[in-house]
1. Once ligands and nucleic acids are excluded and a 1.4 Å probe is used, how much of A:HIS26 is accessible, expressed in Å² to the nearest 10?
2. Test of understanding: in a Gaussian network model of chain C with alpha carbons linked when under 10 Å, which of C:THR29, C:THR66, C:THR19 would top the mean-square fluctuation ranking?
3. So, with +1 on the Cβ of K and R and -1 on the Cβ of D and E, and no other charges, what is the size of the charge dipole of chain C about its Cα centre, to the nearest 20 debye?
4. Computed FRET efficiency, Cβ-Cβ of A:SER71 and A:LEU98, R0 25 Å: what is it to the nearest 0.05?
5. With heavy atoms of protein chains only and a 1.4 Å probe, what residues of segment C:26-55 have at least 20 Å² less accessible area in the full set of chains than alone?
6. Hey, what did segment B:2-72 get for relative contact order, percent, Cα under 8 Å, at least 6 apart?
7. Given a 1.4 Å probe and every protein chain left where it sits, what share in percent of the accessible area of the protein assembly as shown is carbon and sulfur?
8. How much accessible area per residue does segment B:2-72 have, in Å², with a 1.4 Å probe?
Amino acid sequence: MDAIIKTTTRLLVPLIMVFGFYVSLHGHISPGGGFPGGVILASAFLLLVIAFTEKEVEKHFSEIKIGDLKSVASIALLGIVLLEVIVRPDILHLQTPLTLWSGGVTIFLNLFGAIVVASGLVIIVYSLVKEEWKSKKSKW
Amino acid sequence: MIFELLLLVATILAIAAVEAKDMLYAVLILGGLDLVVAVIFYLMAAPDIAITQIVVTAVFGTFIYVVAVNRTGRKEGIE
Amino acid sequence: MKKTISIFVAIGFFLIIVTAVGSFSEKKTEVQEYYTKNSIEKTGSANIVNAIVWDFRSYDTLGEETVLFTAIIAIFLIAHKKSIAEKKEVRG
């Protein structure tokens, strides 16, 4: 791609990632939640993959690491759900509503769910785009 | 009033996406349809569904359709 | 042109059926009242959709993430069939 698209991508990708984390962390206050936040995070990676070439992307991302991140986030999600059911930490529920820590363990559930969804969609996008890069007919 | 207008625009875009000869244009029209449907969801007081509709269908659906069009060819019909 | 007319006829039938059925959620259930009354007190989150998805129905969301995880593992294995086989050959 040309320099305009690359420069715009360099400017936009951190902003999109910040927006994704905002949506997923404020899921219990404003509309949004773990799933849309994770998909926004993955769409930042989608923009990156479309704009840059294979070598530039693979310098910074390795999919094995993303798979590890996904496993760790899934185990953390399972642990938090079990902790919530078994222990039921009532201290976190005592804050006033509409503040950041008001939702109890919901904020952690949102964060780890967002990481699970984002890394899964990144793996899907990366698998599809790698096939496109390998085939000689493609224009990317 | 604007609600019925948006429904009409969504119907017209859906028919245009079916009738388009070039598959890439059909995919782009489908992305526009998803945006209109997201605005309809927002007017029906469901901003959660609007965000999910935009992000999942209009971004990732369009990406997957573009990959499929890139592999199968832009012309409609069997070659 | 025939296709377009048939699409219009289908849309007309769909609208007739939808207006004949009427609005969808007239009936109120116990679960609905419980969620709308107790969501802020029990969970503390102002967004009621998020309270239901991540707090009242945590097990369902966990199952959903499990489905996603399984699908991703299947896609990963299919997409990297060749490189996994090469690694096995290298190891013997």
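1. 50
2. C:THR19
3. Numbers: 12 positive and 10 negative charges, 124 e Å.
Approximately 600 debye in magnitude.
4. Numbers: r = 34 Å, r/R0 = 1.38.
E between A:SER71 and A:LEU98, to the nearest 0.05, is 0.15.
5. C:ILE40, C:LYS42, C:THR43, C:GLY44, C:SER45, C:ALA46, C:ASN47, C:VAL49, C:ASN50, C:TRP54, C:ASP55
6. 30
7. Summing carbon and sulfur atoms, their accessible area is 71 percent of the total for the protein assembly as shown.
8. In whole numbers, segment B:2-72 has 54 Å² accessible per residue.
The values are calculated or read from the model by the stated rules, or taken from the named source; none is laboratory data. Quantities reported herein were computed from a predicted structural model and do not represent experimental measurements. Positions of Cβ are backbone-derived with ideal geometry, glycine not excepted, and every protein chain shown enters the neighbour counts. Accessible surface areas use protein heavy atoms only, side chains included; no ligands, DNA or RNA. Shrake-Rupley method; radii C 1.70, N 1.55, O 1.52, S 1.80 Å.
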